[in-house]
1. Could you please find all residues in the stretch 12-67 being in contact with a helix residue (DSSP H, G or I) (Cβ under 8 Å, 6 or more places away or on another chain) and of a type in the set (Phe, Trp, Tyr)?
2. Only one of Tyr101, Tyr53, Tyr60 is modelled with pLDDT of 95 or more, aromatic (Phe, Trp, Tyr) and closer than 20 Å to Ile42 by Cα. Can you tell me which?
3. Which numbered condition in (1) at pLDDT below 95; (2) touching a strand residue (DSSP E or B) at 6+ places or on another chain (Cβ under 6 Å) is the only one that Thr113 fails?
4. For the stretch 77-107, which positions are among the acidic types (Asp, Glu) and either in contact with a strand residue (DSSP E or B) (Cβ under 7 Å, 6 or more places away or on another chain) or in contact (Cβ under 8 Å) with a residue 60 or more places away in the chain (or both)?
5. Could you grab the pairs with beta carbons closer than 6 Å, sequence gap of 6+ or different chains, first residue in the stretch 46-58 and under 13 Å from Leu105 (Cβ atoms), second one surrounded by 16 or more Cβ atoms within 10 Å (Cβ to Cβ) and small (Gly, Ala, Ser)?
6. I'm told Val93 meets every condition in (1) closer than 28 Å to Asn33 by Cβ; (2) surrounded by 19 or more Cβ atoms within 10 Å (Cβ to Cβ); (3) of a type in the set (A, V, I, L, M, F, W, C) except one. Can you identify the failing condition by its number?
7. Here are the criteria: (1) more than 23 Å from Asn33 (Cα to Cα); (2) in contact with a Gly (Cβ under 7 Å, 6 or more places away or on another chain); (3) not aliphatic (A, V, I, L, M). Tell me which single one Gln123 does not satisfy.
8. How many residues does the stretch 118-134 hold that are closer than 27 Å to Arg63 by Cβ and touching a strand residue (DSSP E or B) at 6+ places or on another chain (Cβ under 9 Å)?
Amino acid sequence: MQYKRAENGLWVIVLKRGEKIIEKLLEFINKENIKSGYFNAIGAISSVELGHYNLEKKKYTTRVMDSPLEIVSLLGNVAVKEKELIIHAHIVVGTEKMELYGGHLKEATVAVTCEVMFNELKQIVKREYDSETGLNLIQPGGIGG
């Protein structure tokens, strides 16, 4: 992974072949002491674990795809729950046949590159457990220092 700060809170991050996207993003935000932000990315991966949340059962189902895939779109954010940094990301991937699959990104392994534009926020965005959904949701009232 290589990265560099651009301007106005923007970071350019490039992940290399064999690196895991969520793992490396967590490494980056911890090393740079980032508490909140949002990002988008494109690239190519060799495997991905997708998740889909079932609200009735309050649990994720997952699907692993082990084949060359294009990252058509990768969007996510970073927020804090208590003292833990949480990355929440969704991804759409394309197959060789131009079929698309998407969902919550559990993890993916880079095949060629993953080019990330990460926008660091000055204020901390907080997540709290929501018993109705069973998820840790961003609380707009929890934005602050």
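The values are calculated or read from the model by the stated rules, or taken from the named source; none is laboratory data. This is a predicted model, so every value here is computed, not measured. All Cβ positions, glycine included, derive from the backbone under ideal geometry; neighbour counts span all protein chains shown.
1. Phe39
2. Every option except Tyr101 fails the conditions.
3. Answer for Thr113: the failing condition is (1).
4. Glu107 - this is the single residue of the stretch 77-107 that is among the acidic types (Asp, Glu) and either in contact with a strand residue (DSSP E or B) (Cβ under 7 Å, 6 or more places away or on another chain) or in contact (Cβ under 8 Å) with a residue 60 or more places away in the chain (or both).
5. Going by the 6 Å Cβ cut-off, the qualifying pairs are Val48/Ala108; Leu50/Gly103; Gly51/Gly103; His52/Gly103.
6. Failed condition: (1).
7. The one condition Gln123 does not meet is (1).
8. Of the residues in the stretch 118-134, 6 are closer than 27 Å to Arg63 by Cβ and touching a strand residue (DSSP E or B) at 6+ places or on another chain (Cβ under 9 Å).
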